[in-house]
Amino acid sequence: MSVGIIDFGGQYTHLIARRCRGLGYRSVVVPFFSNIDDEIEKENIRALIISGGPRSVDEEEMFARVAIKVVEKAKRGIPVLGICFGHQLIAYVMGGRVEKRVKSEFGETKVNVMTNDTLFDGVPSVFTAWMSHNDTVTSLPEDLVVLAISENNAIAAFRHRELPIYGVQFHPEVAHTEHGLNILSNFLSKVAGLTPTWNPTSAIDEIINEIRAKYPTGNALVAVSGGVDSITTAVVMLKALGPDRVHVLFIDTGLMREGEADFVRNALAEIGFKNIHIVDASQRFIRALKGVSDPEEKRRVIAEKFKEVFEEAIENLEKNYGKFIVFGQGTIYPDRIESGKAGAGSTKIKSHHNVVMESLRGVAMVEPLAEFYKDEVRVIATHLGVPSRIVNRHPFPGPGLAVRILGEIDEDKLRIIKKATQIVEEILVEEGLYDKLWQAFPVLLPVKSVGVKGDSRAYGYIISLRAVESVDAMTASFAKLPWELLSKIASRIVSEIPEVVRVVYDVTNKPPATIEYE
Ligand code: XMP
């Protein structure tokens, strides 16, 4: 049984889903334009949450149609909670009034509970909640009762007199809302009557059993990149099918971190894989990238070369081991969900995946992690015995260091960026900061600057250091690293890499900047 979160493009939709999961309820994000009936059936949805969203309730006719449908579901026993935009939308379709910019509220706001209700069990009568809205519900129809009001006199929560329909103007999923988890939990357990039994480890154990039952014979292939998603996918296949039937393929593009192929080989062997295939294609990638400086062109060249090398590798493997019957792919939940917000989503990551899919036409594909968020993948990886040096590895882009050398790539620049990457990672690990950051890496800028090295004038490269904190890479904030640490990184880079004379620190958040530079 699941909780369905109807996504209207709100920035916190995935956070709501993660909070429900953290409380022990399987949750799925359902874009508002999906067929809600089908989703309810397919996912066995027993409670619905309408998420926040950047728009106004009357901006598109379809919004009201979706909400009317959801209200119908409440009449059939599927409880509904509207959050922020969801709160406004429910009030609107039930005959209430929503007005624009009459009582905008942003940030921490005091909320007064006016009427005792299950939703607020265990919550004090005054608490601080996180608000972020321009539009406001200014009047409710007969059937909806005010449960709480904000310090600015806005309707902060309501419920239906008889039906299990609730709305909260604030964001219970955000950490700044006191007792927010309690409110969500009251809705799911007391209003919806759900039992919190879900957790990622039992979910993956079930998936492993399903894969085992579905593929009783034949060989599986998993392409690994060295990251936690693909290695955990391979381990799921290993647990399901055993070491004789699972083949792992690693293509060394030469655009990876220093010693990456050995790192991956050792980790895979340590985990218990027997069929480890490493293809060194570094010279082919570097040759193909000669003269290419445009970022999109680089990605295109790399994707094309990857496809070519990958297809050759499969052909060679199949000559020796016979046809593969299944291909395991490391897609994770955020890669899969098309957000309600136009233009959002990890399109770059998807396009990279599609390349792989195409070259395995006709082979069954399993995506055992397609249900999970990154932090859940890490929990699963640990549960399945993946070494912690892999579990806690930072994400690394498919096109690798090619997007961290701005402009044209050559062997010298690759050597410089590999060395700088090694220095940054070493220092962060030594200082115990690596695991606290989402990503941290140097970028080689295509400009030179003056410096002094020894007693003479030097003219060399500038390295930009990027370190960010994030939960899902959709947004990120630059890490406020200690000055001493930044200074240590800068000193080591300029003293150990003769071609670099200057290190700068990137203090932009995402948005507006992206995490990677190209
Ligand atoms: P941006 O730069 O868009 O990156 O903020 C978001 C996250 O995605 C990673 N990334 C990629 N991963 N292939 C990948 O597999 C790619 O082409 C790619 N580009 C960016 C990036 O490292 C960050 O974690």
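The numbers here are math on the coordinates, done by the rules we state, and not lab data. Treat the numbers as computed from the prediction; the structure is a model and nothing was measured. Don't worry about glycine lacking a Cβ; one is built from the backbone with ideal geometry, like all the others, and counts go over all protein chains shown.
Between the stretch 1-39 and the stretch 62-133, the C-alpha centres lie 16 angstrom from each other.
Here the Kirkwood formula, the inverse mean of 1/r across different C-alpha pairs, assigns the stretch 200-391 a hydrodynamic radius of 17.3 Å.
Helix screen, the chain: DSSP H segments with Cα axial length of 18 Å or more and mean Kyte-Doolittle hydropathy at least 0.0 are 61-75, 228-241, 483-496.
With all pairs of different C-alpha atoms in the average, the Kirkwood value for the hydrodynamic radius of the chain is 25.3 Å. Convex hull of alpha carbon positions in the stretch 432-501: directionally averaged projected area 5.6 nm².
DSSP beta bridges fully contained in the stretch 410-505 are about 75 percent antiparallel.
So what is the calculated 222 nm ellipticity per residue for the chain, using -39500 (n - 2.57) for each DSSP H run with n of 4 or more, over all residues, to the nearest 500 deg cm²/dmol?
Details: 16 runs with 188 residues, N = 518.
Computed mean residue ellipticity for the chain: -11000 deg cm²/dmol.
Reducing the stretch 232-307 and the stretch 402-480 to their Cα centroids gives an inter-centroid distance of 23 Å. Converting phi to 3J(HN,Hα) with the Karplus coefficients 6.51, -1.76 and 1.60 and the offset θ = phi - 60°, the stretch 182-197 yields 4, 5, 4, 5, 4, 4, 6, 8, 8, 7, 8, x, 8, 9, x, 10 Hz in sequence order, with x at every glycine or proline.
Within the shell defined by Cβ-Cβ distances under 14 Å, the residues around R284 carry a net charge of -3, with Lys and Arg each +1 and Asp and Glu each -1.
Taking amide H as placed 1.01 Å from N in the peptide plane, I6 has its amide H under 5 Å from the amide H of V30, I49, I50, S51, each at least 5 places away in sequence or on another chain. Near the amide H of G451, within less than 5 Å, lie the amide hydrogens of A458, Y459, G460, all on another chain or at least 5 residues away, with H placed in the peptide plane. Sequence-ordered 3J(HN,Hα) estimates for the stretch 278-294 from the Karplus curve with 6.51, -1.76 and 1.60 and θ = phi - 60° stand at 10, 10, 8, 10, 4, 5, 5, 5, 5, 4, 5, 8, 4, x, 9, 10, 6 Hz, glycine and proline given as x.
Mind putting a number on the dipole of the stretch 190-294 about its Cα centre? Charges go on the C-beta only, +1 for Lys and Arg and -1 for Asp and Glu, and I need it in Debye to the nearest 20. If you can, show how the numbers build up before the last one.
Numbers: 11 positive and 12 negative charges, 46 e Å.
The dipole of the stretch 190-294 has a size of about 220 debye.
In this structure, the residue pairs whose Cα-Cα separation is over 20 Å, taken from K42/K190; K298/K480; K73/K190; K42/K69; K42/K73, are K42/K190; K298/K480.
Share of antiparallel DSSP beta bridges in the stretch 2-191, in percent to the nearest 5? Of all bridge pairs located within the stretch 2-191, approximately 55 percent are antiparallel. Take every DSSP beta bridge whose two residues both sit in the chain; close to 45 percent of them are antiparallel.
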